[in-house]
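All remarks here apply to the structure that follows.
The values are calculated or read from the model by the stated rules, or taken from the named source; none is laboratory data. A quick note: this is a predicted structure, and the numbers were derived from the prediction, not measured. As a convention, Cβ positions derive from the backbone with ideal geometry for all residues, glycine included, and neighbour counts pool all protein chains shown. Note: accessible area is taken over every heavy atom of the protein model, side chains too, but ligands, DNA and RNA are not part of it. Shrake-Rupley method; radii C 1.70, N 1.55, O 1.52, S 1.80 Å.
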Amino acid sequence: MPTLKPLISPSSVSLTDDDARPPGSVPKGEAADLALVPLLEELTMWQAKLGAEEKRALLVVLQGRDASGKDGVIRKIFGPLNSATCVVSSFKRPSLLELQHDFLWRVHHVVPPAGTVGVFNRSHYEDVLVVRVHSLVPEKLWRKRYRHINEFERLLTDHGVTILKFFLHISTEEQQERLEARLADPTKNWKFELGDLAERALWGKYTEAYEEALTECSTEHAPWYLVPADKKGPRDVMIAEVLVDALEKMKPEFPPADPEILKLKGTIT
Ligand code: AMP
Ligand code: MG
């Protein structure tokens, strides 16, 4: 059984710095690296079956504050998968054209097609997070988006897309350290944006926005997982466990060979 449990229709969600620490039961350090190996092997095996079956898809949504580890999760967990059937989509500030449409317009066409794993690095949830915190649209509109999102996700699951949503939760201290590390390391400088400090100053406002998004949009068909993400190794293990468990339940199968085709065995010259 995975360590993380899905949030399903919680009456409220409250996020504290303590929730960012992994539970004692999850392996850490080198033990976490070791625990990840068989999980990734299982993931690769399930991905091959999902791709061969070509009937259903898996959509993984990654949300979190700056430096919460979204890129790290993509590298460590999805990097080793077959890139022919695993597609990452990153959601940045919307373009002018995207802003001329409803907020789901840019999302729908990158939903993974049958047979693939899709990873959203940020997602349609930005439209109830950064958009809310910075009042980019009136409250009257962003409030309706919880319903729009739940109905959109219901549409996708009705069409064979399994949705798993992970909120990578880090503490204020951990973000401070990671942002400092970005300044100190020349290979990480590029990740630091001046705006990151302005966003950090809005910590409490983002907390409220995340709490409400997790409360309003944790449904049976598309649950959120609150990932304690202060430690990278345990974070990856806990996410990989959920992915393997979900694919085990989906149980994709290699399609059986057509008997007519099997008759050709040994006849190819
Ligand atoms: P990064 O993930 O560091 O590449 O940064 C992407 C930036 O785009 C973040 O600051 C997001 O908050 C921002 N962003 C993503 N989606 C939206 C959106 N719908 N509206 C406004 N800003 C967004
Ligand atoms: Mg950034």
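Dipole magnitude for the chain: computed about the Cα centre from +1 point charges on Lys and Arg Cβ and -1 point charges on Asp and Glu Cβ, it is near 460 debye.
Rank W203, I268, Y225 by how far each Cα sits towards the positive end of the charge dipole of the range 175-269 (+1 on Lys, Arg Cβ; -1 on Asp, Glu Cβ) and give me just the farthest. The Cα lying farthest towards the positive end belongs to I268. As a fraction of the 1.4 Å probe accessible area of the range 123-269, surface on carbon and sulfur atoms comes out at 57 percent.
Looking at the chain, the DSSP beta bridges with both ends there are about 5 percent antiparallel. Using only side-chain charges placed at the Cβ, +1 for Lys and Arg and -1 for Asp and Glu, the dipole size of the range 88-168 relative to its Cα centre rounds to 240 debye. Counting 0.36 nm for each residue step from S12 to K188 and taking away their Cα separation leaves a gain of 59.7 nm.
From the Cα gyration tensor of the range 80-219, with a ≥ b ≥ c the square roots of its eigenvalues, which class applies: rounded if a/c is under 1.5, or else prolate if a/b is larger than b/c, or else oblate? It comes out oblate by the Cα gyration axes.
Label the range 1-150 by shape, choosing from rounded, prolate and oblate, from the square roots a ≥ b ≥ c of the eigenvalues of the Cα gyration tensor; if a/c is under 1.5 it is rounded, and otherwise prolate applies when a/b is larger than b/c, oblate when it is not. In terms of gyration-tensor shape, oblate. Using a Förster radius of 22 Å, what is the FRET efficiency between K55 and D245 based on their Cβ-Cβ separation? Nearest 0.05, please. So, using R0 = 22 Å, E works out to roughly 0.65. When the charge dipole of the chain is built from unit charges on Cβ atoms (+1 for Lys and Arg, -1 for Asp and Glu) and taken about the Cα centre, the candidate among N121, V107, S12 whose Cα reaches farthest toward its positive end is V107. A straight line joining the Cα centroids of the range 135-170 and the range 200-231 runs 12 Å.
Each Cα pair under 8 Å and six or more residues apart adds its sequence gap; the mean of these over the residue count of the chain is a relative contact order of 39 percent. Rounded to the nearest 20 debye, the dipole size of the range 1-44 about its Cα centre is 180 debye, using +1 on the Cβ of Lys and Arg and -1 on the Cβ of Asp and Glu. Take each peptide in 68-80, 11-23, count the other Cβ atoms within 10 Å of every residue, and average; sorted highest first, the result is 68-80, 11-23.
Local charge for S90 was computed over the other residues whose Cβ lies under 10 Å away, with Lys and Arg +1 and Asp and Glu -1, and equals +2. Modelled spin-label separation between V133 and E208, with each label point placed 7 Å from Cα along the Cα-to-Cβ direction: 1.3 nm. Where a ≥ b ≥ c are the square roots of the eigenvalues of the C-alpha gyration tensor, would you call the range 134-180 rounded, which needs a/c under 1.5, or, failing that, prolate if a/b is larger than b/c, or oblate? Oblate shape, in that a/c is at least 1.5 and b/c is the bigger or equal ratio. In the full protein context, the chain carries 52 Å² of accessible surface per residue, based on a 1.4 Å probe and ignoring ligands, DNA and RNA. Computed with a 1.4 Å probe over protein heavy atoms only, the accessible area of L43 comes to about 10 Å².
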